[in-house]
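Down below is the structure, laid out as structure tokens.
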Amino acid sequence: DVLQDGGILKRVQREGAADGGKPSIPSKVKLRCVGRLAADGARFESGLSVAPLGEGMLIRGLERGVLTMQRGETSVFLFRPEYAFGAQGKPAAGPGLA
């Protein structure tokens, strides 16, 4: 539980380099992301990108989660709607509460 409120859950799949450090704001990070709906696992987005932290380019939960990661770490996050796309959802993803 990243924020201790149940809103951002994190499961580490592969540990990163202990000496690799964690990103900070402001910085840029390279991300490979796959977005899936919790309800049925349907993929709504995937890709590789370089994203600036602290500029609102990432959903709130992803940015907070990335700040907890070591370089090279692979993790899975589960976000409550307020840390993701909110009650309206993401238009291309379909349902609200995504």
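The values are calculated or read from the model by the stated rules, or taken from the named source; none is laboratory data. No experiment lies behind these values; they were computed from the predicted model shown. So basically every Cβ, Gly included, is an ideal-geometry build from the backbone, and we count neighbours across all protein chains shown. With ligands, DNA and RNA removed, areas are computed over all heavy atoms of the protein, side chains included. Shrake-Rupley method; radii C 1.70, N 1.55, O 1.52, S 1.80 Å.
Quick look at the numbers
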read-out	value
Identity of the residue in the range 30-58, part of a strand (DSSP E or B), hydrophobic (A, V, I, L, M, F, W, C) and in contact with a strand residue (DSSP E or B) (Cβ under 6 Å, 6 or more places away or on another chain), that ends up surrounded by the most Cβ atoms within 10 Å (Cβ to Cβ)	Leu53
The listed residue being under 15 Å from Arg71 (Cβ atoms) and acidic (Asp, Glu), out of Glu55, Glu15	Glu15
Cβ-Cβ under 6 Å pairs, at least 6 apart or on other chains, the range 41-67 side in contact (Cβ under 8 Å) with a residue 40 or more places away in the chain, far side among the hydroxyl-bearing types (Ser, Thr, Tyr) and open to solvent by less than 70 Å² (accessible area, probe 1.4 Å)	Gly61/Tyr83
Close pairs from the range 11-27: first touching a residue at least 24 places away in the same chain (Cβ under 8 Å) and outside any strand (DSSP E or B), partner surrounded by 11 or more Cβ atoms within 10 Å (Cβ to Cβ) and among the basic types (Lys, Arg), Cβ under 9 Å, at least 6 apart	Gly16/Lys22; Gly16/Arg71; Ala17/Arg71; Gly20/Arg71; Gly21/Arg71; Lys22/Arg71; Pro23/Arg71
Residue under evaluation Phe85, criteria (1) modelled with pLDDT of 90 or more; (2) aromatic (Phe, Trp, Tyr); (3) open to solvent by 40 Å² or more (accessible area, probe 1.4 Å), criterion not met	(1)
Filter result for Gly61 (assigned to a helix (DSSP H, G or I), open to solvent by less than 40 Å² (accessible area, probe 1.4 Å) and in contact with a Lys or Arg (Cβ under 7 Å, 6 or more places away or on another chain))	no
